[in-house]
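Below is one structure; the comments refer to it alone.
Every number in this text was worked out from the coordinates using simple rules, so none of it is lab data. Remember, it's a predicted structure, so these values are computed and weren't measured experimentally. We place every Cβ from the backbone using ideal geometry, glycine too, and count neighbours over all the protein chains shown.
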Amino acid sequence: MSRQHCRIHLAPDYANLLLLEDFIFGCPFLDESERNRAVLIVTEYFDNIISHSYSRFHCDIAISVHKDKQVRIVIRYYTHNFSEMLKAERVTLPHFDSKSDRYRGLGLRMCRNLASEIRYRKGLFKSFIIITL
Amino acid sequence: MENITIIEKSGSNYALLEVSGTINSYTYTEFQDKVYALIKNTNLVLDLSRVTNLSSSGLGVLMAALDDGAESGHSLYIMKPSEVVRLAVESTGFSEMFTVIYSITEVI
């Protein structure tokens, strides 16, 4: 199979979750199972980045989807607190949050169970989340 | 682009919400308000067959609704979950908490 890929850049805004879903559903080389897992994982990370990452710059979040033998998704963005995301990934457990009146701490757990591998990489300026389905 | 549409119906011992579209951080509050209001008063059936994405915020609402239902003596049913809903629920590891049905007659 030849390598196929799609890419999108989106401003960190919750309203763009809908555009992001459309982007994933529009990747023509993903089968239904891959699309469903990809949309759950990518929107979860996009949401987390908007909610928890901090940057002095207002830069877009870049998402690319590649398919060769496996599907690989790369999320690239600028942040000054990437280490906090890594810590949260390790320690956050599901809990009831009275402020939002719902359970929280489910998202990264979902992502871990839906992907076969998730890697995090901090570059000099950009941070990367690399997901293999 | 698909947002969220919620149609409310009722039966003798239940309320039914037919949900279409996506339940994410941008759209979940309307869903949350309706679910919490209804589960306090009656059994609640959520038809999620036309849901295209279910984020952790939506799942967090479903889990809190289970608690509210237990407190008020009502049950929460997920009816005909779409594949993405089924995947989302299973990926939390809490799927056994939810009652999944495939017909409204299972509530009556």
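Structural remarks
- Note on A:Ser100 and A:Phe29: with the Förster distance fixed at 30 Å, the Cβ-Cβ geometry gives a FRET efficiency of about 0.25.
- The mean sequence separation of alpha-carbon pairs under 8 Å and at least six residues apart, normalised by the residue count of chain A, gives a relative contact order of 26 percent.
- Convex hull of region A:45-133 built on C-alpha atoms - directionally averaged projected area, nm²: 6.4
- Set A:Lys67/A:Lys122; A:Lys99/A:Lys126; A:Lys87/B:Lys80; B:Lys34/B:Lys80; A:Lys99/A:Lys122 screened for pairs whose C-alpha atoms are more than 25 Å apart: A:Lys99/A:Lys126; A:Lys87/B:Lys80; A:Lys99/A:Lys122
- Which of A:His95, B:His74, A:His5 has the fewest Cβ neighbours within 10 Å, and the rest in rising order: A:His95, A:His5, B:His74
- The mean number of partner chain beta-carbon atoms within 10 angstrom of a residue's beta-carbon across peptide B:49-57 is 6.
- Normalised by 2.2 N^0.38 Å, with N the number of residues, the alpha-carbon radius of gyration of region B:4-106 equals 0.95.
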